[in-house]
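A.B. asks: Here it is, the structure in full.
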Amino acid sequence: MKAIRFSKTGGPEVLALEDVDLPPPAPGQVRVRHTAIGVNFIDTYQRSGLYPVSLPSGLGLEGAGVVDALGEGVATLRIGDRVAYCTGPLGAYAESNNVPADRVVKLPPGIGDEIAAASLLKGMTAQYLLKRTYAVRPGETILFHAAAGGVGLIACQWAKHLGATVIGTVGSDDKMALARANGCTHVLNTRTEEWSKRVREITGGNGVPVVYDGIGKDTFAGSLDCLAVRGTLVSFGNASGAVPAFEPGILSARGSLYLTRPTLFHYTRTAKELQETADDLFKVIQSGAVRIAINQRFPLAQAREAHEALHARTTTGATILVP
């Protein structure tokens with residue numbers, strides 16, 4: 001089969017399309033023949049070496065398709081089942097992948113394969129951020145960075161559905177209308193505005209109870225400035241690089257703030273947690289409250305170009321690879 005591989009860490013140029021022999025699924029695994037593959041920022045962290053992986057390696061954590069082989073002992077799935085996964089193992093950038101059966105979720109009839117591949121990781125991330133890491137309450141005003149990105153478009157729609165007023169940030173003026181159309185009441189350009197000052201103005205000087213920050217290094221200090229007393233900074237990504245070391249005393253000095261660095265993996269540790277999180281996402285999509293925009297499609301062989309677009313921050317919504 002065809003698969004994207006890399007033998008050294010670095011920029012998008014290290015990605016190569018290769019012929020790979022995929023062994024039969026091991027006990028407890030299923031083989032998923034992909035019809036769509038999700039592209040996510042975590043893929044760039046693993047490719048660059050920010051999140052170390054054993055080399056040489058495949059890439060990609062998210063895929064959707066059909067079960068076409070069962071490993072010994074698998075009783076919860078059948079050949080022909082429509083499924084998706086997004087918590088690994090690495091190797092989704094391929095025509096097929098062997099995946100533990102307890103890391104696979106079944107797709108309901110109303111959720112297409114491309115929608116699943118485009119939304120599962122990003123949408124389940126939005127689910128745990130908004131409903132479990134800091135549970136958004138009706139009437140609150142919140143700040144969500146990268147509002148026109150893959151996670152942001154889903155999360156801002158969902159937060160509005162939960163009754164929050166959403167302040168979203170974007171990196172260019174041409175993304176502002178998109179953010180407004182997807183749940184944001186206020187949209188700020190972090191490259192041209194004093195955005196932390198504007199957040200204070202919008203909230204009457206009080207600040208927001210929570211900031212969801214997937215940007216990292218470039219927005220960390222400003223995010224702290226936006227928080228109300230005893231506010232929570234949810235730092236869940238590193239799109240601009242890792243947050244540098246800091247003195248914890250700044251949290252008390254700025255209002256006894258809370259800081260958390262969550263990951264999806266710790267919110268979907270069991271098969272039950274995983275399926276429940278996915279089902280909550282599928283429910284809100286099927287209700288129409290959250291719409292999934294697949295704005296970039298690349299052939300599998302053009303994974304490098306997909307990563308270059310991510311780094312350039314020219315993408316909006318979801319990006320998928322098509323085998």
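A.B. asks: So, by mean Cβ neighbours within 10 angstrom, what's the order for 244-252, 144-152, 2-10 with the highest one leading?
C.D. replies: Ranked from most to least packed, the peptides come out as 144-152, 2-10, 244-252.
A.B. asks: For a test of understanding, tell me how many lysine pairs in the chain have Cα atoms under 18 Å apart, given they are 8 or more places apart or on different chains.
C.D. replies: So the count works out to 11.
A.B. asks: Counting other C-beta atoms within 10 Å, and keeping those with at most 11, which DSSP coil trypsin sites (Lys or Arg not before Pro) do you find in the range 192-280?
C.D. replies: ARG269
A.B. asks: Return the long-range amide H neighbours of ASN295 (sequence gap of 5 or more, or a different chain), with a cut-off of under 5 Å between placed amide H atoms.
C.D. replies: ALA318
A.B. asks: When the Cα centres of the range 122-145 and the range 29-93 are compared, how far apart do they sit, in Å?
C.D. replies: 26 Å
A.B. asks: In nm, to one decimal, how far is the modelled label at LYS272 from the one at GLU201, with both set 7 Å along Cα→Cβ?
C.D. replies: Here the modelled spin labels are 5.0 nm apart.
A.B. asks: Can you compute the helix-only [θ] at 222 nm over the chain? Use -39500 (n - 2.57) per DSSP H run of at least 4 residues, normalise by all residues, nearest 500 deg cm²/dmol.
C.D. replies: It comes out at -7500 deg cm²/dmol, rounded to the nearest 500.
None of the figures in this text is laboratory data; all of them are computed from the coordinates on show. On a predicted model such as this, the values are computed, not experimentally measured, just so you know. Reconstructed Cβ throughout: ideal geometry from the backbone, glycine too, with neighbour counts over all protein chains shown.
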